[in-house]
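Report on the structure given below.
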């Protein structure tokens with residue numbers, strides 16, 4: 001089992017719809033989780049981080065964390081073509097000093 | 001402006017040659033990292049450093065070497081021992097290990 005796993009996609013949604021991106025992790029010691037957005041050919045940029053069970057909202061983005069199920073998700077409301085990118089989920093490797101381990105990323109395409 | 005500067009952005013290398021990728025940060029961060037990204041893949045950790053004169057291997061350290069002589073600088077050398085060095089290399093830093101990562105713009109290495 002991969003430490004951090006995401007569906008690679010591509011995920012295609014129409015403009016204005018809700019995009020749902022999912023991530024599972026294997027290390028129960030992980031305490032915080034990060035979502036990065038990466039445009040093609042560019043470096044990743046942080047969108048959200050979450051460390052408490054439940055939801056965290058920031059504008060059109062909502063991160064959801066369920067530690068019992070070892071599941072974290074990112075919802076993008078009112079998706080825009082500019083949201084088309086690869087979304088990377090990351091979690092610290094809890095028992096080895098907290099280095100961030102990344103999933104393989106989910107490619108999102110928002111169609112006008 | 002504070003940030004991370006990587007150079008060069010693009011680099012071509014002949015097989016059998018060593019190359020060094022530069023990474024400089026002025027964020028006053030203690031932790032620095034090198035990740036490798038292959039097409040359609042997530043980020044894989046090569047090396048990381050928590051403090052000056054100390055660094056640790058990540059998941060794919062074979063064929064790479066690093067140094068951390070100054071807090072601001074964390075250069076990566078891709079040696080001829082690296083079997084498949086063509087990739088996108090990302091340098092990052094964080095205030096503490098496991099915290100939010102700030103990325104440089106990346107260096108794209110192509111072996112001819």
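At-a-glance table
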quantity	calculated
Extreme residue, nearest to residue A:90 (Cα to Cα), among residues of the stretch A:1-22 that are within 11 Å of another protein chain (Cβ to nearest Cβ) and within 12 Å of the chain's Cα centre (by Cα)	A:4
Matching strands (runs of 3 or more DSSP E) fully within the stretch B:16-112 where at least 1 residues are out of contact with any helix residue (DSSP H, G or I) (no Cβ under 6 Å at 6 or more places or on another chain), more than 14 Å from chain A (Cβ to nearest Cβ) and surrounded by fewer than 21 Cβ atoms within 10 Å (Cβ to Cβ)	B:19-25, B:64-66, B:76-78, B:107-111
Extreme residue, modelled with the highest pLDDT, among residues of the stretch A:88-100 that are more than 14 Å from residue A:7 (Cα to Cα) and more than 7 Å from chain B (Cβ to nearest Cβ)	A:91
Test: residue A:8 is farther than 21 Å from residue B:99 by Cβ, assigned to a strand (DSSP E or B), touching a residue at least 60 places away in the same chain (Cβ under 8 Å) and touching a strand residue (DSSP E or B) at 6+ places or on another chain (Cβ under 7 Å)	no
Given (1) on the phi < 0 side of the Ramachandran plot; (2) surrounded by fewer than 21 Cβ atoms within 10 Å (Cβ to Cβ); (3) in a loop (DSSP other than H, G, I, E, B), number of the condition residue A:16 does not satisfy	(1)
Some residue of the stretch A:28-42 being within 14 Å of chain B (Cβ to nearest Cβ), surrounded by fewer than 21 Cβ atoms within 10 Å (Cβ to Cβ) and free of Cβ contacts under 8 Å to residues at least 40 places away in the same chain	yes
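The values are calculated or read from the model by the stated rules, or taken from the named source; none is laboratory data. Nothing here was measured: the structure is a model prediction, and the numbers come from that model. Cβ atoms come from the backbone with ideal geometry, glycine included; neighbour counts cover every protein chain shown.
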